[in-house]
Amino acid sequence: MLVYRGQWPENILLDDTIPALAREFSYPLKYGYSAVGRIIEIGLEVDPQWLDKHVFSFNQHESHFLALPDQLIPLPVSMPSAEAALLPNMETAVSFVMDGRPLIGEQVAVFGQGVVGLLTTASLARFPLARLLSLDAYRLRRQRSVEFGATQSLDPTGANVIDELRQCAHAEQAGDGFDLTYELSGNPAALDHAIAATGYDGRVVIGSWYGAKRADLDLGGRFHRGRIKLVSSQVSRLAPELTGLWTKSRRLRFALRMLEELRPASLITHRFSILQAPEAYDLLDRTPEEAIQMIFTYEDVG
């Protein structure tokens, strides 16, 4: 949506870790990094076992493309293509959880329940937390959040939502906020609310990419005395302290395993032919409350 709405920051590459996207751009453009399909032809020097394999690739939206074997990820036979297309979102959620480092018995709040927020919530729900609370402006996403393991899901547009959050936290501990808070909504105003909802010595993981939008923060009140930590998190790079044992390929393999366990196909609310891409983006832009995850299909493309 940042690209679609012209809010992408100038002089920033689309993605400097994906070769096809490591460039500046002008709209319209061929975007995407989540292709799933079958190998229909192989080169003479390629192992014949690759033929007809069900694979994932960080490739742009297109009906056919060429790829080297090391650019492809073989998929489990039982995994539906639509579900496998959520692998980058699942990897992002895994990355957020790793950067947040939740502890047993902590109270965690997640602002934003788009598909990445929901997968983050579902991953956090597997920890023995005292409370896992989520927030989203759209009812459909709040419903899915509870289904995916949130203790409770609130509408962040309510007048007293910060007071309500602190009361929820205080019910579990003699503190004034959450131990760990995630800001994944893409709304810069939500970051200020996330900080306000975080307790003494708490962490705020900022996973949203705001682009050209600016965040107006109130850091003159309890922020400093509360010793609140702001943690930037972005899936394209591992946190330096994790690189002793973790690699991106290890994290990606684990994300694939999480997809198999969570089976998040219910998050796919719309399917569009790639030929209907303008209609899909228009729906996301104008009526986001109707959608969680869309996928493009290619059956009618020659």
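Laboratory data are not the source of any read-out in this text; all were calculated from the coordinates shown. If you're wondering where the values come from, they're calculated on a predicted model, not measured in any experiment. Glycine gets a Cβ as well: all are built from the backbone with ideal geometry, and neighbour counts include every protein chain shown.
Once you order the gyration tensor axes a ≥ b ≥ c over the Cα atoms, which shape class does region 47-145 get: rounded for a/c under 1.5, otherwise prolate or oblate by comparing a/b with b/c?
prolate
Between Asp285 and Leu140, 0.36 nm times their residue separation minus their Cα-Cα distance comes to what?
Length difference between fully extended and current span is 50.6 nm.
Using alpha carbons only, how many angstrom separate the centre of region 38-63 from the centre of region 273-300?
Answer, in whole Å: 26.
With point charges of +1 on the Cβ of Lys and Arg and -1 on the Cβ of Asp and Glu, referenced to the Cα centre of the chain, which listed residue (Ser153, Ala197, Tyr182) lies farthest in the positive direction of the dipole?
Value: Ala197.
From the phi of every residue in region 126-136, what ³J(HN,Hα) in whole Hz does the Karplus formula 6.51 cos²θ - 1.76 cosθ + 1.60 yield, where θ is phi - 60° and glycine or proline is x?
7, 8, x, 8, 6, 7, 10, 10, 10, 9, 7
Please report how far the C-alpha centroid of region 89-167 lies from that of region 196-233, rounded to the nearest whole angstrom.
The two parts, judged by their Cα centres, are 16 Å apart.
Ordered by packing density, taken as the mean number of other Cβ atoms within 10 Å over each peptide's residues, highest first, how do 79-91, 30-42 rank?
My ranking of the peptides, most packed first, is 79-91, 30-42.
Could you please tell me the mean projected area of the C-alpha convex hull for the chain, averaged over all directions and given in square nanometres to one decimal?
Across all orientations, the chain yields a mean hull projection of 17.1 nm².
What does the C-alpha gyration tensor say about the overall shape of region 207-302? Classify as rounded when a/c is under 1.5, otherwise prolate if a/b is larger than b/c, or oblate.
oblate
What nm distance separates the two modelled labels at Arg271 and His224, each placed 7 Å from Cα along Cα→Cβ?
Simple spin-label model gives 5.6 nm for this pair.
Going by the alpha-carbon gyration tensor, a ≥ b ≥ c the square roots of its eigenvalues, is region 88-240 rounded (a/c under 1.5) or, if a/c is not under 1.5, prolate (a/b greater than b/c) versus oblate?
Working: a/c = 1.20, a/b = 1.08, b/c = 1.11.
It is rounded, given that a/c, with a ≥ b ≥ c, falls under 1.5.
Given charges of +1 on the Cβ of Lys and Arg and -1 on the Cβ of Asp and Glu, with all other atoms neutral, how large is the dipole of the chain about its Cα centre, in debye to the nearest 20? Numbers along the way, then the final one.
On the way: 29 positive and 37 negative charges, 131 e Å.
Computed charge dipole of the chain: roughly 620 debye.
Would you tally the net charge around Pro80, using a Cβ to Cβ cut-off of less than 15 Å, leaving Pro80 out, and scoring K and R as +1, D and E as -1? If you can, show how the numbers build up before the last one.
Details: positive: Arg38, Arg263, Arg271; negative: Glu83, Glu260, Glu261, Glu299.
With Lys, Arg at +1 and Asp, Glu at -1, the neighbours total -1.
With an 8 Å Cα cut-off and a minimum separation of 6 or more residues, compute the relative contact order for the chain in percent.
16 percent
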